[in-house]
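What follows is calculated from the coordinates using simple rules that are stated; it is not laboratory data. Keep in mind that what you see is a predicted model, and the values were worked out from it rather than measured. Cβ: placed from backbone, ideal geometry, glycine included. Neighbour counts: every protein chain shown.
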């Protein structure tokens, strides 16, 4: 059967063509297709397995242009791997969708899916129909998720009591390269989310959190700015470097004489007229500056530029200005300072100005680049996380790590239920599923057991990456969980001497874990259901 | 390397295949095409993955989708693709069945052709058999009373669930069949399909998918100032526009000659005034939410933000139409004379985070003649397949609502028809008898395939079914979940009768057409490459020289 798709002969011995370019297409069918898919998935999963957990290792990825990325983040690794195999691509998407939805646990989801497929392979060898395997997995997943919900504990926190949130954020950061400094970063992440969160609606708008990176200094210098950081400096070097109690005019019109949008032409025929034009322009500048002054502003932030003449004039009139500020920043500044974006000078008024306690230009080391920090705003609904670090790779990785941490905190704001990490939740689910397996009539029983085995892969990998004897560590925890009926027991990755994850403060958001199980099962079902693959052949050129 | 294949002899110019040989050759080609979708049938059917030359993969269980992507060039094979497509357009489901029927009909008559039976005789008998089968379906079908609301609903849900059982969604089919029915119930009598919007957001659990009885769409591209607009309204007035609200030159080709510099300011002021007039008139109309098909620029965004209004530009026209349908109001192409009458309204407007995206939701609409399905799922391919499956389910519900008669699925109706035609064949003399029994035998291909796909012993199960049907148990079909047979009407595996009627008619018509061809003349431009004419897409098509 497998050779079909190439050439077909009819009764008279003549080949006939049914599909376009039929002789070049490749086709894999039946169990062979499934096996090849599982193989591909296993490859991906083996790559990611070792980056799981606090002692997991990073991967170096060299892009096609020679750019180097060092990361521990599952989604980033997957994306940078750029696999060409279809199934591997699906795994990439899987990691991505976990990243989009939850932002964390991307490695785990891929590892779980890989483990499920690996288990499915041996079931296929037993001759079980792939769809029945998938059905069994789905039933087991439903059971596991139900169990997760029953062991989940609700977290209490408020704007003032953030201890619990910080613990979780630092668990997330634990597996990253920045873990040396994770307490502080976790605090930053929590504070950032809580300052923009709408706790009533349980909504967090990520557009209000900006992450800015700058190579240099140390990771310890990373800070949270309750305001906006703009990668710009004052338009004139002699303008003041710091402004207290800044009243900011936020303009989206250029500092230049107004121009109609309609195509126009002005013929200058005499010298007098030319003089008049010069005069007019100058007068316009004066007028504009005056309008700004009249409104009471002592700082102008402009989306567009202005020429040197205007710049000089602004300096003369003691009106500091910033030019070429991008749209998103303008918006953030407006939100933070409570100002309104003003599209033309005529509309400037006192009420439309934004207010900031201080606007400061900061410079870094010996480098000449400066940044503008706008702080002390009346509504701190826009915040900026400013990341420093020794080199670009560290900074990039720190950015990804903080993003993960922020996502985790966001998830908890949305749903404050948590389960215990360190493989505790996985082992607990595995126990429940394995127990249920014996009660399931029919072939699905096998899938249940396979599912339970696959769930144990995460704690196994955790233990292995932490240098423990995986089988020993996991089976010990498993036995204790059953004996003590304590779903909080996990693998002691940090060698702290206790297996109780509550004491170690290793927790994960329930929705994150739940999502992992569901997404992985979904993908596995999809892969198991394919029995026929048609690939385009090698291109001729 | 084997000698280069002779591209279909009849395509290469020398017509040495004709008559009987051509018919047989066509029949063989159809078998191979049908093989591509054979294993997708039923709850244990498998999916196909197709990768196109750009490396984009499609994973599907939908017969029509697979056939379309196969890129069949064989003329007879193409006919099967066409009937799958037409089944998809007409009924929306049963696309695999129709292809299987056609292929099986052809397979059954191949022997007769070889033995020299004239195709016309076969065609005549086929027409007769189809006619009888269709009548029988109509007779057997169980009518649903429309006045019984709860009853109708459960019928619809079961039909949808039968369709979904063979798809990726089968584990959640109860959830999604309810969703499909809810979606269709929202629509007005004409059941326009485009009033059901389908939005796909990757990530999330399948059951996080939701039906918005109203409209939802992704946050449009926004300019600075957007974040300052309020994102939540109760009972807002909505104005739907087709105007560009941007500062721009009003006329494309206009040119102004400025006499002296003072006039500059006047012109600029005039330009601003034009925009401000528009904005003011929108504001005066009382609208709180402004939607436009065309872009809304930064000035307008900020202007609206100042007045606590919400605006979104570049909204796809389909979404706007749905908003019109559910919120009332009409699309305005001018900002002049905006009155309350042309504005729509809804109970609740909100921007919310869904997965990684922000979405605008319009709910509690007064008219609610439109709805939006927000689908969630792991990967893009997964959601795509979800969309196709739900599309099938929605089509089935629509069809079932219009033609409120159902038959039992799972091979039950096919077995009953097969029995009926077999019995009938014995009452007539002549060659027709043979051919109608062949037709009857061909109908059994669906239950057989269902068994094969599930890995059951098809011969055994078919024999059991035949026995049951001979005893008069007309709704017995395959129960895939218990590996046996069961009364599928009682088991609630229902399909609209129209699906079967359409499938049988289309399949037998396609067969008749394939059988009646005895010569194929192919114009090949230039060389004798089979693909040559199609290899240059769009060449000379619809373009006057």
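Taking only the C-alpha atoms, wrap a convex hull around the stretch B:288-354 and report its volume per residue in Å³ as a whole number.
118 Å³
Shielding by partners for A:81-88, please: the mean number of other protein chain Cβ atoms within 10 Å of each residue's Cβ. Each step should come with its number before you reach the end.
Working: counts 0, 0, 0, 1, 0, 8, 2, 0.
The shielding value for this peptide is 1.
May I ask you to derive the FRET efficiency for residue B:207 and residue A:60 from their Cβ-Cβ distance with R0 = 41 Å, giving the value to the nearest 0.05?
Taking R0 as 41 Å, the efficiency between residue B:207 and residue A:60 is 0.55.
In the stretch A:288-426, if every C-alpha pair distance is counted and binned at 5 Å from zero, what percent goes to each bin?
Percent of pairs per bin, in order: 2, 7, 13, 16, 17, 13, 9, 7, 7, 4, 2, 2, 1, 0.
Please check which bits of the stretch A:465-492 a label hung off residue A:502 would reach, taking the label as a point 7 Å along Cα-to-C-beta and the cut-off as backbone N under 11 Å.
Backbone N within reach: A:486-489.
When only Cα pairs under 8 Å and 6 or more residues apart are kept, what is the percent relative contact order across chain B?
Relative contact order here is 25 percent.
Quick one: if you stick a label point 7 Å off each Cα along the C-beta vector at residue A:414 and residue B:185, how many nm between them?
2.9 nm
Return the Cα extents of chain B along principal axes one, two and three, sorted largest first, each rounded to a whole Å.
Cα spread of chain B along its principal axes, largest to smallest: 99, 63, 40 Å.
What is the diffusion coefficient of the stretch B:141-258 in µm²/s, taking the Kirkwood radius over Cα pairs and the Stokes-Einstein relation at 25 °C with a viscosity of 0.890 mPa s? Before the final figure, lay out each step's value.
Working: Rh = 19.2 Å.
The diffusion coefficient I find is 128 µm²/s.
Order these by the 10 Å Cβ neighbour count, fewest first: B:326, A:97, B:334, B:458.
B:334, B:458, B:326, A:97
Okay, helix-only estimate at 222 nm for chain A: each DSSP H run of n ≥ 4 adds -39500 (n - 2.57), divide by all residues, round to 500 deg cm²/dmol; what do you get?
-15500 deg cm²/dmol
What FRET efficiency, computed as 1/(1 + (r/R0)^6) with R0 = 22 Å and r the Cβ-Cβ distance, is obtained for residue A:142 and residue B:153, rounded to the nearest 0.05?
For R0 = 22 Å, the calculated efficiency reads 0.30.
Where does chain B land at 222 nm, in deg cm²/dmol rounded to the nearest 500, when only DSSP H runs of n ≥ 4 count, each adding -39500 (n - 2.57), divided by all residues?
The helix contribution divided over chain B gives -15000 deg cm²/dmol.
Please report the projected area of the stretch A:414-541's Cα convex hull averaged over all directions, in nm².
The number I arrive at for the stretch A:414-541 is 12.6 nm².
For chain A, what is the Kirkwood hydrodynamic radius in Å, using each pair of distinct C-alpha atoms?
27.1 Å
Quick one: if you stick a label point 7 Å off each Cα along the C-beta vector at residue B:200 and residue B:330, how many nm between them?
Using points 7 Å along Cα→Cβ, the separation is 3.6 nm.
Can you pull the mean other chain C-beta count within 10 Å for peptide A:325-332? Write down the numbers at each step before the final one.
Details: counts 1, 1, 6, 3, 1, 5, 11, 2.
So the per-residue partner count for this stretch is 4.
May I ask you to compute the full-extension gain from residue A:350 to residue A:122, defined as 0.36 nm times their residue separation minus their alpha-carbon distance, rounded to one decimal in nm?
74.7 nm
Across peptide A:261-272, what mean number of C-beta atoms from other chains lies inside 10 Å of a residue's C-beta?
Numbers: counts 10, 13, 7, 10, 4, 8, 4, 2, 0, 0, 0, 0.
Per residue, the number of nearby Cβ atoms from other chains is 5 on average.
Could you tell me how many degrees, from 0 to 90 and to the nearest 10, lie between the Cα long axis of helix B:445-454 and the main elongation axis, the longest principal axis, of the Cα atoms of chain B?
70 degrees
Remind me, what semi-axes does the stretch A:227-375 give for its equivalent ellipsoid, largest first in whole Å, using sqrt of 5 times each Cα gyration tensor eigenvalue?
29, 17, 14
If I take all pairs of Cα atoms in the stretch A:363-485, what percentage of them are more than 18 Å from each other?
72 percent
If one computes P(r) from the Cα atoms of the stretch A:73-168, what percent of pairs lie at distances over 22 Å?
Value for the stretch A:73-168 (Cα pairs over 22 Å): 50 percent.
What percent does the relative contact order of chain A come to when contacts are Cα pairs within less than 8 Å and at least six residues apart?
26 percent
Enumerate the residues in the stretch A:248-289 having an amide nitrogen under 18 Å from the point lying 7 Å beyond the Cα of residue B:253 toward its Cβ.
A:262-265
Ratio of the stretch B:332-400's C-alpha Rg to 2.2 N^0.38 Å, to two decimals?
1.55
Using the count of nearby Cβ atoms within 10 Å as a rough guide to exposure, how do B:489, A:274 rank from fewest to most?
Numbers: B:489 21, A:274 11.
In order of increasing Cβ crowding within 10 Å: A:274, B:489.
Rounded to the nearest 0.05, what FRET efficiency is calculated for residue B:273 and residue A:70 with R0 set to 51 Å and r the Cβ-Cβ distance?
Taking R0 as 51 Å, the efficiency between residue B:273 and residue A:70 is 0.35.
Label residue B:470 and residue A:153 with points 7 Å out from Cα along Cα→Cβ: what is the distance between them in nm?
Roughly 6.9 nm, to one decimal.
For the stretch B:325-449, take every pair of Cα atoms, bin their distances at 5 Å starting from 0, and report each bin as a whole percent.
2, 8, 9, 9, 11, 12, 10, 7, 7, 6, 5, 5, 5, 3, 1, 0
Residue A:266 to residue A:485: extension gain in nm, 0.36 nm per residue of separation minus the Cα-Cα distance? It would help to have the intermediate numbers written out before the result.
On the way: separation 219, 0.36 × 219 = 78.84 nm, distance 8.70 nm.
70.1 nm is the gain from fully extending residue A:266 to residue A:485.
How many angstrom lie between the C-alpha centres of the stretch A:426-497 and the stretch B:430-465?
Centre-to-centre distance over Cα atoms comes out at 48 Å.
Translational D (Stokes-Einstein, µm²/s) of the stretch B:22-134 at 10 °C and 1.306 mPa s when Rh comes from the Kirkwood sum over C-alpha pairs?
Using the Kirkwood radius from Cα pairs, D works out to 106 µm²/s.
Semi-axes, largest first, in whole Å: what does sqrt of 5 times each Cα gyration tensor eigenvalue give for the stretch B:73-112?
Its equivalent ellipsoid spans semi-axes of 20, 13, 6 Å.
State the percent of C-alpha pairs, over all pairs in the stretch A:156-212, separated by a distance greater than 19 angstrom.
32 percent
What span do the alpha-carbon atoms of the stretch B:211-320 cover on each of the three principal axes, reported in whole Å from largest to smallest?
61, 26, 24
So the label point goes 7 Å from the Cα of residue B:463 along Cα→C-beta, right? Which residues of the stretch B:407-448 then have their backbone N under 17 Å from it?
B:448
Evaluate Rg over Rh across the protein assembly as shown, taking Cα atoms for both radii and Kirkwood's formula for Rh.
Dividing the radius of gyration by the Kirkwood radius yields 1.03.
Per 0.36 nm of contour for each residue apart, how much would the distance between residue B:516 and residue B:82 grow if the chain were fully extended, relative to their Cα-Cα spacing?
Answer, rounded to one decimal: 154.5 nm.
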